[in-house]
Amino acid sequence: MDWLQKARWHSEQLTKRTFHRQLRLGVTGLSGAGKTALLTAMVHQLTQSNSSVLPFFSVMQQRWLGARIDQNQSPQLPRFSFEKNLSYLQQQPARWPPSTVGWSQLTLALRYQPESGLRARFQDYQDTELVLVDYPGEWLLDLPMLQQSYRQWCEQSWTLFAKPHRIAAAQDFQQRLQGVDLNDTSVLSVQDLCSDYCALLRRFRDLAGAYLNQPGRLLVPGEFEGTPLLQLLPLLPEQLDQGGALVDLMQKQFANYQSKVIEPFYQQYFSALDRQVVLVDILGALNAGESALLELKQSLLLILQSFDYGPEHWLRRIFKPRISKVLFAASKADHVTPDQHQALILLLQQLLLQHLQTVKFQLCPYEVMAIAAIKASEAGFVIQNGQQLPCLRGRSATTGEALTYYPGDVPRYWPDHQLFTKHHFDFQSLAPLPWPQQHLLGHIRMDHLLEYLLGDKLT
Ligand SMILES: Nc1nc2c(ncn2[C@@H]2O[C@H](COP(=O)(O)OP(=O)(O)OP(=O)(O)O)[C@@H](O)[C@H]2O)c(=O)[nH]1
Ligand SMILES: [Mg+2]
């Protein structure tokens, strides 16, 4: 782009934002929460669906004229692979799209008839741009590091590594650090140490329920692959008191990582959001046990501190946008029977209580829902001993075997230590249902989600 094109592009963006003709929706969720599945389903539903599939998405009832993927997106921007993701779901047997390893973007033009007023009288249609971004969940975990000092980060890391579900995996690396020469900053020894820390992070990632693995770029480096910026690890807190060249180096590396990796990522994708959906796989955490549930809570509360909420104002929209509406969604609600959805919502409310209070205090409307972006089960009933019992029918994601089962109850209240010692939650992961072409993807409450996040912007 030459400077004139660039200037024109920026002025177009500014006009769109000023007149509310562009909406940036942020999907916030840890790795595996279901961001890619949600974005794929959302693009599919908006471009293909009709009012019978999305009955609660009010604009679709009468005024909807359709949605198109913007084909003019700059070729330099990685494009969200919507079509590729759909193709996984269409394979036989159907598969889930893979975990994300880089960021990508897609813009949709939503076209509808204005609802009332002068615009309805003089305009045949109105377009609103919906900007969607996908990224690896691991990168999100870096955001809290922006508010920390290197010492705080080391202390937090080693407190976490001492938790019951992590301590065994961390022991070797802790011993390795204890034996390290704090004045040795030779390239080779720093590289070796960092690659050992990276191996530890990979071990953590494979543990069920170990969410807070930082720095996230050590696991999914993206454009920073192989750069010295990723030579960063938390030294033991007592080593910081001892001091030495290695301590100084790590402090410098931490500051560099903050300014050159996290800050630009935050500015580019999260600083200008209008709406947010926070996706949480709470069932996965219940399966992994008490420590996992607590770590999920800790990670989300830390991450969510990075976002600004508040009522909308046109001037702020241009100069310092804030999130003006947020939806907290328990994902994969199709892993439980419909009678458990309310319990899922209550549990998510308790998990995020502190953050919900902040959002409310900042006068930002929010809602909590249980959703499935892509439904992988059919809910029904079985008759047992003359009693009608709820059940699910689906295909196990691990064995591929067909299942008809009752997945179990979701606790309505925060489960205490005793419950975890007596009971092991086992909400099965399901493979996607076979999906014949021309059919629309099944979902749970995607229409409610779209109505809540977009409805008031499409009037
Ligand atoms: N049953 C069911 N499973 C889902 C749904 N959405 C996601 N999943 C499951 O969760 C896994 C992770 O979903 P993704 O959409 O890849 O998660 P992500 O948040 O994009 O994860 P990263 O790319 O690693 O950050 C999928 O492979 C599915 O197994 C859903 O709506 N229903
Ligand atoms: Mg993804």
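The values are calculated or read from the model by the stated rules, or taken from the named source; none is laboratory data. Everything numeric here is computed off the predicted structure, so don't read it as measured data. As a convention, Cβ positions derive from the backbone with ideal geometry for all residues, glycine included, and neighbour counts pool all protein chains shown. For accessibility, only protein heavy atoms count, side chains too; no ligands or nucleic acids. Shrake-Rupley method; radii C 1.70, N 1.55, O 1.52, S 1.80 Å.
Brief remarks follow.
- Derived scalar couplings ³J(HN,Hα) [region 266-273; Karplus, 6.51 cos²θ - 1.76 cosθ + 1.60; whole Hz; x for Gly, Pro]: 5, 4, 6, 10, 10, 7, 10, 7
- Charges were assigned to the Cβ only: +1 to each Lys and Arg, -1 to each Asp and Glu. The resulting dipole of region 143-266 about its Cα centre is roughly 400 debye.
- Partners for Lys375 among aspartates and glutamates (Cα-Cα distance below 12 Å; same-chain residues under 8 apart left out): Asp334
- Backbone phi angles across region 25-41, fed through the Karplus curve with coefficients 6.51, -1.76 and 1.60 (θ = phi - 60°), yield HN-Hα couplings of 9, x, 9, 10, x, 5, 4, x, 5, x, 5, 5, 4, 5, 5, 4, 5 Hz in residue order; Gly and Pro are listed as x.
- Between region 324-342 and region 28-100, the Cα center-to-center distance that results, in Å: 19 Å
- Region 138-175 and region 351-401 have Cα centres lying 31 Å from one another.
- Here's the list of aspartates and glutamates a cross-link from Lys422 could span, going by alpha-carbon distance under 18 Å and ignoring same-chain residues fewer than 8 apart: Glu290, Asp409.
- Over the chain, the Kirkwood radius and the radius of gyration, each from Cα atoms, give a ratio Rg/Rh of 0.98.
- Charges were assigned to the Cβ only: +1 to each Lys and Arg, -1 to each Asp and Glu. The resulting dipole of the chain about its Cα centre is roughly 1320 debye.
- Principal axis dimensions, largest first and in whole angstrom, of region 143-266 by Cα: 33, 33, 26
- Taken one residue at a time, the phi angles of region 287-304 give Karplus couplings (6.51, -1.76, 1.60, θ = phi - 60°) of 4, 7, x, 4, 4, 5, 5, 5, 6, 4, 4, 4, 4, 5, 5, 5, 5, 5 Hz. Gly and Pro are set to x.
- Taking the protein heavy atoms of region 143-266 in the context of the full set of protein chains, the accessible area attributed to carbon and sulfur is 50 percent at 1.4 Å.
- Per residue, the chain exposes 47 Å² of solvent-accessible protein surface, assessed with a 1.4 angstrom probe and all protein chains in place.
- Building the convex hull from the alpha-carbon atoms of region 406-459 and averaging its projection over directions returns 7.1 nm².
- Percent RCO, i.e. relative contact order, over region 328-414, from Cα pairs under 8 Å lying at least 6 residues apart: 37 percent
- The chain, relative contact order [Cα under 8 Å, separation at least 6], %: 19 percent
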